[in-house]
Amino acid sequence: MLDTQTKEIVKSTIRALKQYGEDITKVFYRELFSRYPQVQGMFDMEKQKNGKQPKALAMAILNAANNIDNLEKSRAFVENIGKTHVRLNVAPEHYPLVGECLLVAIKEVLGEAASDEVIEAWGKAYGEIAEFYIKVEEKIYQARK
Ligand code: HEM
């Protein structure tokens, strides 16, 4: 469970994230593919070019932040993305790589608005969100066996 202060900080940055969501996602992919080229093959690079996918991921971040008090509310949404993830063999060990690059991207795009406090809060929030995704996907992997 996240403490109240962390949740408040995360919620108070949703507006800025909405404004810069696509920029954040673009920086995110740039960092992910340069730091961890081994995961690039999982992604459809055509979607990257036409900008479809940056939008989807940006919306997923906002969706998660909006529901940070109660991630259960986003279960149906996460199950849908989870099916895509499972089809592409996304595994628990991939989540920290994505988290790292997400924080780098938030920091770069928000600039001065991204205090250490904000980054730390988002790190914690991402941890909770990732845990939720991993659990949902575990069930999908189990059901597939
Ligand atoms: C909490 C973290 C994550 C969120 C919120 C998230 C969100 C999303 C969303 C919204 C989509 C689009 C789904 C669709 O169109 O059906 C997607 C697709 C995808 N995700 Fe994630 N994801 C997360 C973590 C990860 C991780 C850790 C990986 C592995 C490196 C990953 C790899 C992918 C891939 C390969 C696709 C398909 C995109 C394509 O076809 O290019 N995701 N994700």
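The values are calculated or read from the model by the stated rules, or taken from the named source; none is laboratory data. Just so it is clear, the structure is predicted and the values come from calculations on it, not from any experiment. Positions of Cβ are generated from backbone atoms using ideal geometry, with glycine treated the same way; all protein chains shown enter the neighbour counts. Heads up: the accessible areas ignore ligands, DNA and RNA and are worked out on the full protein's heavy atoms, side chains in. Shrake-Rupley method; radii C 1.70, N 1.55, O 1.52, S 1.80 Å.
Is it true that some residue in the range 83-90 is under 27 Å from residue 2 (Cα atoms) and not in a helix (DSSP H, G or I)?
Looking for residues that are under 27 Å from residue 2 (Cα atoms) and not in a helix (DSSP H, G or I), one finds at least one in the range 83-90, hence yes.
Kindly provide the set of residues from the range 34-59 that are in a loop (DSSP other than H, G, I, E, B) and at pLDDT 85 or above, ordered by number.
36, 43
Out of the range 58-95, which residues are under 11 Å from the mean Cα position of the chain (by Cα), open to solvent by 30 Å² or more (accessible area, probe 1.4 Å) and not hydrophobic (A, V, I, L, M, F, W, C)?
63
Please go through the range 95-130 and give me each residue that is touching a helix residue (DSSP H, G or I) at 6+ places or on another chain (Cβ under 8 Å) and in a loop (DSSP other than H, G, I, E, B), ordered by number.
Selection gives 114 alone.
Based on what the data block shows, is residue 11 open to solvent by 30 Å² or more (accessible area, probe 1.4 Å) and under 17 Å from residue 124 (Cα atoms)?
Judged against the criteria, residue 11 is a match.
What is the residue count in the range 83-95 for residues that are more than 8 Å from the ligand (Cβ to nearest atom) and either touching a Phe, Trp or Tyr at 6+ places or on another chain (Cβ under 8 Å) or touching a residue at least 12 places away in the same chain (Cβ under 8 Å) (or both)?
Qualifying residue count, the range 83-95: 3.
Does residue 90 satisfy the criteria of being of a type in the set (Val, Ile, Thr) and at pLDDT 95 or above?
yes
I'm checking my understanding of the structure. Among residues of the range 127-137 that are within 17 Å of residue 85 (Cα to Cα) and not hydrophobic (A, V, I, L, M, F, W, C), which one is most open to solvent (accessible area, probe 1.4 Å)?
Our first condition is that a residue be within 17 Å of residue 85 (Cα to Cα); within the range 127-137, this holds for 129-137.
When the remaining residues are screened for being not hydrophobic (A, V, I, L, M, F, W, C), the result is 131, 133, 135, 137.
Values: 131: 102, 133: 24, 135: 121, 137: 6 Å².
My answer is 135.
Pick from the range 106-145 the residues that are acidic (Asp, Glu) and farther than 14 Å from residue 28 by Cβ: which of them is farthest from the ligand (Cβ to nearest atom)?
Per the criteria, the residue is 112.
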